[in-house]
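A short write-up of the structure that comes next.
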Amino acid sequence: MLNSAPDLHSTETPLLQTVGLTKRYGDFLANDRVDIEIWPRQIHALLGENGAGKSTLVKTIYGLIQPSEGEMLWQGKRMILSGPSEARSRGIGMVFQHFSLFDNLTVAENVALGLDGKETFKDMSARLEQVSNVYGLPLDPKREVWQLSVGERQRIEIVRALMQDPKFLILDEPTAVLTPQEADQLFIVLDRLKAEGRAILYISHKLEEVKRLCDTATILRLGKKVATCNPKAETASSLARMMVGTEIKEVRAGAERKITVPRLVVNDLSLEPDDPHGVRLQHISLELKGGEILGIAGVAGNGQDELFAALSGERLSQDPGTVVIEGVAAGHLSITQRRKLGAAFVPEERLGHGTAPRMKLSENALLTGHAASGMVQRGFINTTATLKTVDRATEAFDVRKAKRDPEAASLSGGNLQKFIVGREILRNPAVLVVSQPTWGVDAGAAAVIRQAVLDLAAAGAAVLVTSQDLDELAEITDRIAVMFHGRLSQPLATSEASREKLGLLMGGSSLDEREAAHAVGA
Amino acid sequence: MQLVLEKRAERSNTIALVSPLIAIGLTIVTMSILFVILGKNPISALIVYFIDPLTDAYSLQEIAVKASPLVMIAIGLSLCYLANAWNIGAEGQFLIGAVAGSWLAVKTQGTDAGFWVLPAMLLLGAVAGALYALIPAICKVRFGASEILTSLMLVYVADLLLDYLVRGPWRDPAGFNFPTTAEFDPVATVPILVEGGRLHLGAIITLLIVAAAAVLLGRTIKGFEIRVVGAAPRAARFGGFNANQLILLTFAVSGALAGLAGIIEVAGPVGHLQPGISPGYGFTAIIVAFLGRLNPIGILIAGLFLALTFIGGEQAQIAMKIPLDVTKVFQGILLFYVLACDSLILYRFRLVFASRQVSSGTG
């Protein structure tokens with residue numbers, strides 16, 4: 001039963017303790033002698049930049065990775081985990097950032113697949129409903145996952161973990177996919193779990209959130225623990241400094257930008273999805289002038305990917321007039337032809353979409369540069385030109401790499417993103433459409449990329465930025481529109497777009513009056 | 001203690017080069033065991049297979065003669081496979097090429113048609129092979145039908161068509177009812193390179209094709225397109241490359257090369273059209289393509305090696321009464337090991353010592 005609460009008498013010893021935990025991959029130390037203590041009735045934040053070793057640490061605690069050195073103590077006794085199921089049987093639960101759900105199965109079927117128990121499907125379904133109601137995480141066991149929003153999918157993962165009645169729950173960046181309002185609801189659940197005596201390890205890099213929610217914070221940098229502190233006693237910038245190790249460069253907006261002619265216009269664009277679980281774009285219109293930066297906010301999976309494909313020309317529209325680039329109706333034009341009109345694109349996925357992972361950077365420069373910039377002569381590749389693009393991007397954007405022309409996959413996320421953005425910006429585009437420019441990128445690289453976007457707009461280009469990160473949009477955009485269920489809201493001036501307003505739009509409120517009334521009443 | 005397969009940080013280029021050699025080594029070990037089971041001395045069997053053919057001039061020429069079609073077909077297949085298009089039906093395209101070219105040879109038989117006959121035959125063979133390969137490619141692009149199945153099934157259609165023609169309309173009237181056309185005229189025959197030998201112009205054409213493929217893949221935007229569509233389809237679409245067009249193109253090119261190999265074989269070493277003109281070249285070429293790492297130069301080497309097994313297999317049948325089918329077993333085992341060893345390019349084996357006995361039973 002659920003109420004068989006974790007034992008509370010063992011508060012003198014931590015629930016979980018790691019001692020000198022080290023994970024080595026070849027010469028690389030993903031975790032370097034990490035000591036951490038997890039106590040019951042605490043929400044413990046794990047902070048760090050991408051690549052700091054957060055994932056390695058929690059995967060070790062969850063039994064997915066065997067440590068190279070060091071040990072873990074569970075309620076004071078040495079623990080060696082053979083795998084996640086042993087971790088679960090001891091009372092350790094985990095909710096991953098990337099959900100492991102089968103789209104075509106129902107909620108209950110997905111939960112059943114993830115449980116080790118031997119109860120019947122019917123009993124399990126009943127218990128699922130009970131647990132989800134007790135914690136205010138409503139779920140209909142019979143619905144198929146593809147019909148659910150991202151927030152609901154996360155609920156499945158959380159409920160699945162809670163059904164094992166864990167003493168210790170690990171959550172990996174749970175709010176990355178939630179609206180501000182959904183995040184608030186999650187925090188209520190987490191507070192309640194804490195009050196029940198459970199311990200929570202909360203991975204995030206949203207510092208305000210951590211300050212608000214967490215009792216303790218452990219900060220990792222380059223695989224090492226740099227500090228354990230009380231986040232409520234710190235400021236967001238002092239936490240950031242510990243994470244990054246240096247002061248973060250402020251992005252300079254620069255002088256007033258000159259707004260010129262419309263460079264990217266979308267007229268009543270509607271598009272059926274090409275995959276059955278995709279989102280239908282409905283009547284999307286926007287106008288973007290030179291010198292302007294427009295942000296598109298919204299919870300992932302509300303049509304941002306489909307809009308990117310329609311703007312880039314990866315998907316064509318029947319009606320040429322739906323997408324106008326530099327005054328030319330381009331809805332029917334291929335991505336190559338749109339690039340020739342002066343457009344440039346940076347997709348969300350760096351590996352596999354923005355670049356071919358196993359190909360060299362010079363070949364990846366050719367990938368988007370072959371149409372326009374002298375890299376191909378009479379069908380033959382000019383390797384001098386492709387290498388020169390790599391060198392220029394490396395210099396202008398401080399791309400760190402082991403050799404002159406390595407495989408794309410060998411670069412860190414931040415450096416590869418700098419290369420991709422650099423590759424496009426060096427072509428001096430008139431229009432830049434960029435999706436999640438700094439997703440999973442370290443703070444230093446993020447600052448470089450945001451600055452580049454601002455500079456490009458200052459030079460007269462029109463920039464469209466899609467991002468889940470509202471702080472990022474607030475920092476660099478002039479106006480923000482919100483995507484919900486394949487529709488795009490009217491843009492708000494960034495100065496007037498409060499988190500609350502955006503949050504309501506991200507929940508779909510202003511698009512449906514009844515929903516709006518409900519949200520206000522709630 | 002556990003043996004785990006773990007992902008390498010970067011692909012190992014050393015293993016990429018060495019893996020075919022490891023595969024060959026493992027195949028030889030497995031074959032030795034098989035020879036022992038068959039009651040043969042494995043050492044002498046291996047000598048007959050791999051060493052003897054290299055020691056006399058006739059066998060060396062014969063290796064080149066057998067390697068030519070293998071390499072030519074495998075080059076085409078490698079383009080398909082690099083682009084993630086799975087043409088398994090090269091054997092059928094080979095036969096159709098042979099049939100189409102032979103049509104002209106049969107029609108001009110005994111006429112005073114001039115030197116143009118052979119070039120026209122080669123062209124016909126290539127075009128027919130390309131068209132035949134386009135059938136599964138179009139089915140794939142238009143209807144999403146698995147090209148693996150359709151291209152394979154069309155092999156049997158081609159096989160039976162050839163059978164019908166040489167038993168029916170094209171049968172040599174003076175051929176004592178054997179299912180074969182008449183011997184082709186000299187203008188319809190591929191010229192021999194060495195007086196009195198069997199090495200023919202096809203070997204030169206093959207080398208030219210290898211060189212052309214190396215330039216295509218290494219230096220041109222088309223070659224880049226082929227590689228990127230196969231390696232990262234989504235990135236290729238982002239780059240503006242159309243995967244469907246490329247399926248059609250690579251299938252057509254590989255069909256043309258297989259068809260060309262077919263008509264050269266018929267107009268060269270065989271000299272007439274008959275059933276059984278291919279000892280499975282179209283299938284063996286799949287092994288050649290992978291053993292050669294889908295790289296033109298690698299394919300040239302791999303083609304020579306597999307030709308050696310054909311010759312060695314024939315000699316082993318004569319000298320040691322080892323059935324010819326053992327050659328096919330050999331080739332199958334080789335492909336198996338090549339594919340298995342390829343996983344070592346991205347993964348490595350590691351021994352893990354976990355001191356499980358200290359695990360306390362708190363759970």
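The values are calculated or read from the model by the stated rules, or taken from the named source; none is laboratory data. What you see is a predicted model; the values in this text were computed from it and never measured. All Cβ positions, even for glycine, are placed from backbone atoms using ideal geometry, and neighbour counts span all protein chains on display. Areas reflect the complete protein model, heavy atoms only, side chains present, ligands, DNA and RNA absent. Shrake-Rupley method; radii C 1.70, N 1.55, O 1.52, S 1.80 Å.
Let me check something: with ligands and nucleic acids excluded, how do A:Ser362, B:Ser343 order by accessible area (1.4 Å probe), largest to smallest?
Numbers: A:Ser362 15, B:Ser343 50 Å².
Ranked from most to least accessible, the order is B:Ser343, A:Ser362.
According to the square roots a ≥ b ≥ c of the eigenvalues of the Cα gyration tensor, what is the shape class of chain A, taking rounded for a/c under 1.5, prolate for a/b larger than b/c otherwise, and oblate for the remainder? Spell out each step's value before the answer.
Numbers: a/c = 1.91, a/b = 1.45, b/c = 1.31.
Prolate shape, in that a/c is at least 1.5 and a/b is the bigger ratio.
A cut-off of 5 Å between modelled amide H atoms, ignoring neighbours fewer than 5 places along the same chain, links A:Lys289 with A:Arg263.
Which value, in Å³ per residue, describes the convex hull spanned by the Cα atoms of the stretch A:16-244? Intermediate values should be presented prior to the final figure.
Working: hull volume 27.4 nm³, N = 229.
Measuring per residue, one finds 119 Å³ for the Cα hull of the stretch A:16-244.
Round to the nearest 10 and give me the degree value, 0 to 90, for the angle of helix A:150-162's Cα axis relative to the longest principal axis of chain A. The answer is roughly 20 degrees. Each residue of the stretch A:58-193 gets 118 Å³ once the volume of the Cα convex hull is shared out per residue. Summary of the geometry: the stretch B:190-258 and the stretch B:303-326, compared by the centres of their Cα atoms, lie 29 Å apart.
Determine the distance separating the Cα centre of the stretch A:289-326 from the Cα centre of the stretch A:468-497; give it in Å without decimals. When both Cα centres are located, 14 Å separates them. With both labels modelled 7 Å from their Cα along Cα-to-Cβ, the B:Phe178 to B:Arg219 distance reads 4.6 nm. Sequentially through the stretch A:386-399, phi angles give Karplus couplings (6.51, -1.76, 1.60; θ = phi - 60°) of 5, 5, 5, 4, 4, 4, 5, 5, 4, 6, 5, 10, 6, 7 Hz, Gly and Pro residues having no value and appearing as x.
Under a Gaussian network description of chain B, with springs only between Cα atoms under 10 Å, the residue in B:Phe238, B:Phe305, B:Phe50 that fluctuates furthest is B:Phe238.
Site pair A:Asp215 and B:Val329 shows an inter-label distance of 7.0 nm when each label is modelled 7 Å from Cα along Cα→Cβ.
Only protein heavy atoms count here, probed at 1.4 Å, and on that basis chains B and A bury about 2800 Å² of accessible area in total.
What a 1.4 Å probe finds exposed on the protein assembly as shown is 58% carbon and sulfur by accessible area, rounded to a whole percent.
Using +1 at the C-beta of Lys and Arg and -1 at the C-beta of Asp and Glu, which of B:Met72, B:Asn13, B:Ile37 has the Cα lying farthest in the positive direction of the dipole of chain B? So the residue furthest toward the plus end is B:Asn13.
Relative contact order of the stretch A:174-290, taken over Cα pairs closer than 8 Å and 6 or more residues apart, is 15 percent. Residues of the stretch B:219-265 whose accessible area (probe 1.4 Å, heavy atoms of protein chains only) drops by at least 40 Å² once all protein chains are present, relative to their chain alone: B:Arg219, B:Ile221, B:Phe224, B:Arg227, B:Arg234, B:Ala235, B:Arg237, B:Phe238, B:Gly239.
Comparing B:Pro53, B:Pro42, B:Pro269 in a Gaussian network model of chain B, where Cα atoms under 10 Å apart are tied by springs, the biggest mean-square fluctuation is seen for B:Pro42.
The value of relative contact order for the stretch A:262-521, using C-alpha pairs under 8 Å at least six residues apart, is 26 percent. In plain terms, the C-alpha convex hull of the stretch A:119-235 casts an average shadow of 8.7 nm² when viewed from every direction.
What whole-number volume per residue, in cubic angstrom, does the convex hull of the C-alpha atoms of the stretch B:41-320 give?
On the way: hull volume 40.4 nm³, N = 280.
Expressed per residue, the convex hull around the Cα atoms of the stretch B:41-320 is 144 Å³.
Within the straight-line cut-off of under 20 Å between alpha carbons, the lysines reachable from A:Lys167 are A:Lys59, A:Lys77, A:Lys194, sequence neighbours fewer than 8 places apart in one chain being disregarded.
Lysine pairs in the stretch A:262-521 whose alpha-carbon atoms fall under 24 angstrom of each other, counting only those eight or more residues apart or on distinct chains, come to 13. In the context of the full set of protein chains, the stretch B:74-148 has a per residue accessible area of 38 Å² (1.4 Å probe).
For the protein assembly as shown, the equivalent ellipsoid derived from the alpha-carbon gyration tensor has semi-axes of 59, 36, 25 Å in decreasing order.
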